[in-house]
Amino acid sequence: MADTKKLAIIASQGTLDWGYPPFILASTAAAMDMEAVIFFTFYGLPLLKKEIDAKVSPHCNPAMPMKMPFGSKDFQSINWPIPNAISGNVPGFDNMATMLMKETFKKKGVATIEQLRGMCQEFGVRFIACQMTMEVFGFEKEEFIDGVEYGGAATFLEYAADADISLFI
Amino acid sequence: MSEITSNLELNCEGLNCPLPILKTKKAIDSLNSGEVLKMIATDPGSVNDMASWANRTGHELVSHTESAGVHTFFIRKK
């Protein structure tokens with residue numbers, strides 16, 4: 001295509017649910033012959049770690065459906081309402097919710113975040129890590145995967161100024 | 001409809017968005033211009049997504065058929 005469309009994404013959240021959209025959109029954009037850049041800042045930075053340890057929490061998140069990845073189809077379609085008193089106080093509740101969501105994704109044939117991140121890199125999506133938040137939160141370059149660029153707001157905006165699609169996630 | 005001959009087959013059964021698109025892109029990259037890819041998917045979202053993908057990339061969606069929830073796409077590389 002004569003003029004290549006450009007996608008610019010800021011990934012600012014690192015939970016399992018918020019970690020998916022940047023990688024899904026960037027990899028698909030690249031598959032559609034677009035250029036794509038993801039700028040990782042604040043809580044989005046851990047998505048660049050070699051091992052992604054993203055979790056999800058139903059605590060104070062009433063819109064999050066808790067699904068069981070096993071049992072009959074009817075059982076699996078139940079949205080389990082979890083009172084905050086339980087999700088906030090039972091030790092390990094987030095780990096369990098994370099495990100259930102990962103299992104449900106797997107059963108539905110959804111890629112893992114690591115898989116999508118790998119495909120982004122394979123398709124030439126550029127990853128930029130925010131240098132400032134790295135220093136604030138004490139992240140080292142050695143913790144991150146290879147192929148990451150480092151920069152600040154101006155680095156992102158220089159690219160985003162010519163972007164056709166800009167998203168803050 | 002007579003079966004279109006394909007140069008490559010890709011099975012995306014059981015895979016969900018965006019994997020069928022990403023795998024299709026990889027498969028198309030391995031073909032030469034004019035060659036045809038046969039892709040099979042069970043993700044109902046892939047019907048609209050494949051049309052949009054072909055629309056943007058310029059590869060030709062030659063045909064789409066569905067049988068018992070299994071979608072078969074033939075795509076000719078531009």
_Consider region A:18-65. How many of its residues are touching a residue at least 12 places away in the same chain (Cβ under 8 Å), out of contact with any Ser or Thr (no Cβ under 9 Å at 6 or more places or on another chain) and more than 23 Å from A:Arg126 (Cβ to Cβ)?_
1
*Of everything in region B:29-65 that's out of contact with any helix residue (DSSP H, G or I) (no Cβ under 8 Å at 6 or more places or on another chain) and charged (D, E, K, R), which residue is nearest to the other protein chains (Cβ to nearest Cβ)?*
B:Arg56
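Any idea how many residues of region A:111-127 are more than 11 Å from A:Gly147 (Cβ to Cβ) and more than 10 Å from chain B (Cβ to nearest Cβ)? Show your work before the answer.
Pass one, region A:111-127, residues more than 11 Å from A:Gly147 (Cβ to Cβ): A:111-116, A:119, A:123.
Next cut, more than 10 Å from chain B (Cβ to nearest Cβ) only: A:112-114.
Looking only at that region, the number is 3.
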*Could you say which residue among A:Ala30, A:Ala11, A:Ala85 is of a type in the set (A, V, I, L, M, F, W, C), more than 19 Å from A:Thr104 (Cα to Cα) and within 14 Å of chain B (Cβ to nearest Cβ)?*
A:Ala30
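Hey, which of the strands (runs of 3 or more DSSP E) in region B:10-76, taking only ones fully inside, have at least 1 residues that are loosely packed, with under 14 Cβ neighbours inside 10 Å? So that I can check it myself, show each step before the final result.
Working: elements: B:36-41, B:60-67, B:70-76.
Strands (runs of 3 or more DSSP E) meeting the threshold: B:60-67, B:70-76.
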*Going through region A:48-75 one residue at a time, which ones are over 26 Å from A:Ile38 (Cβ atoms) and either in contact with a helix residue (DSSP H, G or I) (Cβ under 8 Å, 6 or more places away or on another chain) or of a type in the set (A, V, I, L, M) (or both)?*
A:Pro58, A:His59, A:Cys60, A:Met66, A:Lys67, A:Met68, A:Pro69, A:Phe70
*Identify, by number, the condition in (1) at pLDDT below 95; (2) within 14 Å of another protein chain (Cβ to nearest Cβ) that A:Leu100 doesn't meet.*
(2)
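Can you tell which of A:Phe144, A:Phe93, A:Phe75, A:Phe139 is within 16 Å of the chain's Cα centre (by Cα), away from every other protein chain (no Cβ under 14 Å) and not charged (D, E, K, R)? Quick ask: steps written out before the conclusion?
Numbers: A:Phe93 fails: within 16 Å of the chain's Cα centre (by Cα); A:Phe75 fails: within 16 Å of the chain's Cα centre (by Cα); A:Phe139 fails: within 16 Å of the chain's Cα centre (by Cα).
Step by step, each of A:Phe144, A:Phe93, A:Phe75, A:Phe139 is checked, and only A:Phe144 is within 16 Å of the chain's Cα centre (by Cα), away from every other protein chain (no Cβ under 14 Å) and not charged (D, E, K, R).
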_Considering residues of region A:77-93 that are touching a residue at least 12 places away in the same chain (Cβ under 8 Å) and among the polar types (S, T, N, Q) only, the residue surrounded by the most Cβ atoms within 10 Å (Cβ to Cβ)_ = A:Ser87
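Can you tell me which residue within region A:33-51, out of those that are outside any helix (DSSP H, G or I) and crowded, with 17+ Cβ neighbours inside 10 Å, is nearest to the other protein chains (Cβ to nearest Cβ)? Step through it out loud before you land on a result.
Within region A:33-51, the first condition is being outside any helix (DSSP H, G or I), and the residues that meet it are A:33-41, A:49-51.
Next cut, crowded, with 17+ Cβ neighbours inside 10 Å only: A:34-41.
Values: A:Met34: 8, A:Glu35: 13, A:Ala36: 13, A:Val37: 18, A:Ile38: 15, A:Phe39: 20, A:Phe40: 20, A:Thr41: 24 Å.
Here the answer is A:Met34.
Checking the condition at pLDDT below 90 and not aromatic (Phe, Trp, Tyr), which residue from A:Ser57, A:Ser12 passes? Steps first, please.
Numbers: A:Ser12 fails: at pLDDT below 90.
When all the criteria are applied, what remains is A:Ser57.
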*Yes or no: A:Ser27 modelled with pLDDT under 90, hydroxyl-bearing (Ser, Thr, Tyr) and surrounded by 15 or more Cβ atoms within 10 Å (Cβ to Cβ)?*
no
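The values are calculated or read from the model by the stated rules, or taken from the named source; none is laboratory data. This one's a predicted model, so the numbers in the text were calculated from it and none came from an experiment. FYI the Cβ positions are ideal-geometry reconstructions off the backbone, even for glycines, and counts take in every protein chain you see.
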